[in-house]
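The values are calculated or read from the model by the stated rules, or taken from the named source; none is laboratory data. Bear in mind that the values here come from a model prediction, so they are computed numbers and not experimental data. Neighbour counts are summed over all protein chains in view; Cβ atoms, including those assigned to glycine, are modelled from backbone coordinates with ideal geometry. SASA here: full protein model, heavy atoms, side chains in, ligands and nucleic acids out. Shrake-Rupley method; radii C 1.70, N 1.55, O 1.52, S 1.80 Å.
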Amino acid sequence: MSTTSPSTSPTPETGTARVKRGMAEQLKGGVIMDVVTPEQAKIAEDAGAVAVMALERVPADIRKDGGVARMSDPDMIEGIIDAVSIPVMAKSRIGHFVEAQVLQALGVDYIDESEVLTPADEVNHSDKFAFTTPFVCGATNLGEALRRIAEGAAMIRSKGEAGTGNVVEAVRHMRQIKGDIARLKGLDNHELYAAAKELRAPYELVAEVAELGKLPVVLFSAGGVATPADAALMRQLGAEGVFVGSGIFKSGDPAKRAAAIVKATTFFDDPKIIADASRNLGEAMVGINCDTLPDEERYASRGW
Amino acid sequence: MSNPVIGVLALQGDVREHLAALAGAGADARAVRRPEELAEVDGLVIPGGESTTISKLASAFGLLEPLRARVGEGMPAYGSCAGMIMLADKILDPRSGQETIGGIDMIVRRNAFGRQNESFEAAVEVTGVDGGPVEGVFIRAPWVESTGAGAEVIAVHDGHPVAVRQGRLLATAFHPELTGDHRVHEMFAQMVRAAA
């Protein structure tokens, strides 16, 4: 090995905005899969997932079981961390900053402050700047996304309606966010102040989005993706990647479906490849019609 | 040749940032996902991302052999983070079936600097990049465990090699594409011009 190279000034800084947001940039174009066991995590990794979300029950089972849904058992999360080399995410309840502290102490790579779990605080989300571990948060519109970013979120996912296998809400939320951004781009400087008030978001972030024409952090889609075509649809609508929850391990052939969704996410604009990926996948998860869901069972309305 | 055509392997990862950095460095930058797109570029960037995902997708879509062939024929290539892993002849701790393109005589250790909580920024002096250190953004970054005779270590952090050059191939464990400082991409664009 050559030994004549210059060295660096050893003053490394961890937990910076660039390191947190940059981590999400590395996930772009990829699929993040919900897993409940180390075996499922390995299947996901082998299928080409860019990260896994470690949790005790997938959203479809949380719906079925009812009761309070909380952070997962640390043993279970650690088992998944040990099983794979890709990043591991885990969920805390909204506003439950102690669950988030525990997840950080366990060494997860990203914390999802998630509406899929039962909210712990009906007013406040966690202060995400207080953590070294980056956060991803759900949003149904631009104002909600910017409020989460103002609290320190380093990645946003459109919420959709988790555990339904129905992509309709994911589409609604992604169109809303992209539509809100497009409307901002048409405003002049005077109008941006009123827009910030309307969006209930900090003016600085609103002005930044108007200039960039996109969020200042990575935007994924979540909540109801069950097929390769669903994943490609969300990407064509502007998602930079997708979360797939119940859709993989509640289906007939999880390994095959997982690999197919990964392929369709990369070649989201190539219908021939999506067609090939969609062949003979076995049964998709059964799914729920969102318009028959009672309001109190809608996760997307949690968080504000 | 003033405007080299430089592709960015666009299977997964921070493709947009590399395209922007290459454009900033005066290259004609374009995304590459198919063998016929690979055939049209003078040089290629392999972006940051998940190395296992990029490797699997390259195999699944028939890109791995064409990539090896072009690198073998002397096409200049630059890899950051996951891209560094893809250009390594050997991975110390590969996942089962994880293939690399290879080309740089080095062994890399994945996630060597730790998990996300250990991800960091630090100033890095890079041999061949003038104007002071670059801002090194290290995200679950690999380091180079050892290099063979042909590979030159051009940056070190905390005693570990974090940038290597071998002939027309360049690799960094950090992500210059996330910083807005295009000097590393300019160095690569110069390598592509020189090779033409």
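Which positions within the range B:106-122 get 50 Å² or more of their accessible surface covered by the other protein chains, compared to the chain by itself, with a 1.4 angstrom probe? Buried on complex formation: B:Arg115, B:Gln116, B:Asn117, B:Glu121. Contact with the other protein chains removes 20 Å² or more of accessible area, compared with the isolated chain and a 1.4 Å probe, from these residues of the range A:96-144: A:Gly107, A:Asp109, A:Thr132. Once all protein chains are placed together, B:Arg165 keeps about 80 Å² accessible to a 1.4 angstrom probe. Sorted largest first by accessible area at a 1.4 angstrom probe radius, with every protein chain in place, the residues B:Met187, A:Met155 fall in the order B:Met187, A:Met155. Around the Cα centre of chain A, unit charges on the Cβ atoms of Lys, Arg, Asp and Glu (plus for the first two, minus for the last two) sum to a dipole of about 640 debye. Simple point charges give the picture: +1 on the Cβ of Lys and Arg, -1 on the Cβ of Asp and Glu, and for the range A:99-200 a dipole about the Cα centre of about 460 debye. Computed with a 1.4 angstrom probe on protein heavy atoms, the B-A interface buries about 4100 square angstrom of accessible area in total. Projecting label points 7 angstrom from Cα along Cα→Cβ for A:Val168 and B:Arg68 puts them 5.0 nm apart. In order along the range A:204-214, phi translates into HN-Hα couplings of 4, 5, 5, 5, 5, 5, 4, 6, 6, x, 7 Hz, rounded to whole numbers, per the Karplus curve 6.51 cos²θ - 1.76 cosθ + 1.60 with θ = phi - 60° and x for Gly and Pro. Once the Cα-Cα distance is subtracted from the 0.36 nm per residue extended length, the B:Phe61 to B:Ser146 segment shows a gain of 27.5 nm.
By DSSP, the beta bridges lying fully in the protein assembly as shown are antiparallel in about 30 percent of cases.
Rolling a 1.4 Å probe over the protein heavy atoms leaves A:Glu297 with an accessible area of roughly 90 Å².
Grab the DSSP H runs of chain A that are 4 residues or longer, score each as -39,500 (n - 2.57), total them, divide by all residues and round the 222 nm result to the nearest 500 deg cm²/dmol. About -12500 deg cm²/dmol. Across the options A:Ile111, A:Gly138, A:Ala90, the greatest Cα extent toward the positive end of the charge dipole of the protein assembly as shown (unit charges at beta carbon of Lys, Arg, Asp, Glu) belongs to A:Gly138.
Summarise the partner chain shielding of B:3-14 as one whole number: the mean count of Cβ atoms from other chains within 10 Å of each residue's Cβ.
That average works out to 3.
Accessible area per residue for the range A:24-89 is 31 Å², calculated with a 1.4 Å probe on protein heavy atoms, without ligands, DNA or RNA. Under a model in which nothing but the beta-carbon of Lys, Arg (+1) and Asp, Glu (-1) is charged, the range A:1-130 shows a dipole of about 400 debye around its Cα centre. Taking every C-alpha pair closer than 8 Å and separated by at least 6 residues, the mean separation divided by the residue count of chain B gives a relative contact order of 21 percent.
Each label was represented as a point 7 Å from its Cα along the Cα-to-Cβ direction; for A:Glu296 and A:Lys214 these points are 4.2 nm apart. Pull out a ≥ b ≥ c, the square roots of the eigenvalues of the alpha-carbon gyration tensor of the range B:59-196, then state rounded if a/c is under 1.5, prolate if not and a/b is larger than b/c, and oblate in the remaining case. Judged from the Cα gyration tensor, the range B:59-196 comes out oblate (a/c at least 1.5, b/c at or above a/b).
Taking amide hydrogens as placed 1.01 Å from N in the peptide plane, the amide H of A:Val218 sits under 5 Å from those of A:Ile156, each at least 5 positions away in sequence or on another chain.
In the protein assembly as shown, taking the dipole from charged Cβ atoms about the Cα centre, the farthest positive-side position among A:Ala260, A:Asn124, A:Val50 is held by A:Ala260. What's the carbon and sulfur percent of the protein assembly as shown's accessible surface, probe 1.4 angstrom, rounded to a whole number? Reported share for carbon and sulfur atoms: 49 percent. The spacing between the range A:240-294 and the range A:138-182, judged by their C-alpha centroids, is 20 Å. Ignoring lysines fewer than eight residues from A:Lys263 along the same chain, the ones with Cα atoms less than 30 angstrom from its Cα are A:Lys20, A:Lys28, A:Lys42, A:Lys91, A:Lys159, A:Lys178, A:Lys214, A:Lys250, A:Lys272, B:Lys56, B:Lys90.
One chain, two ends: A:Tyr203 and A:Asp61. Fully extended at 0.36 nm per residue, the span grows by 47.1 nm beyond their Cα-Cα distance.
What the phi angles of the range A:137-144 give under the Karplus curve with 6.51, -1.76 and 1.60, with θ = phi - 60°, is a coupling list of 9, x, 8, 9, 7, 5, x, 5 Hz, glycine and proline written as x.
Excluding ligands, DNA and RNA, what is the solvent-accessible area per residue of chain B at a probe of 1.4 Å, expressed in Å²?
Per residue, chain B has 32 Å² of solvent-accessible surface.
Once backbone amide H atoms are built at 1.01 Å from N, B:Trp143 has B:Arg109, B:Ala112, B:Phe113 as its partners under 5 Å, excluding neighbours fewer than 5 places away on the same chain. Residues of the range A:255-304 whose accessible area (probe 1.4 Å, heavy atoms of protein chains only) drops by at least 30 Å² once all protein chains are present, relative to their chain alone: A:Lys263, A:Thr266, A:Phe267. Each residue of the range B:78-84 was assigned a 3J(HN,Hα) from its phi angle through the Karplus curve 6.51 cos²θ - 1.76 cosθ + 1.60 (θ = phi - 60°); the sequence is 10, x, 10, 6, 4, x, 4 Hz, with glycine and proline shown as x.
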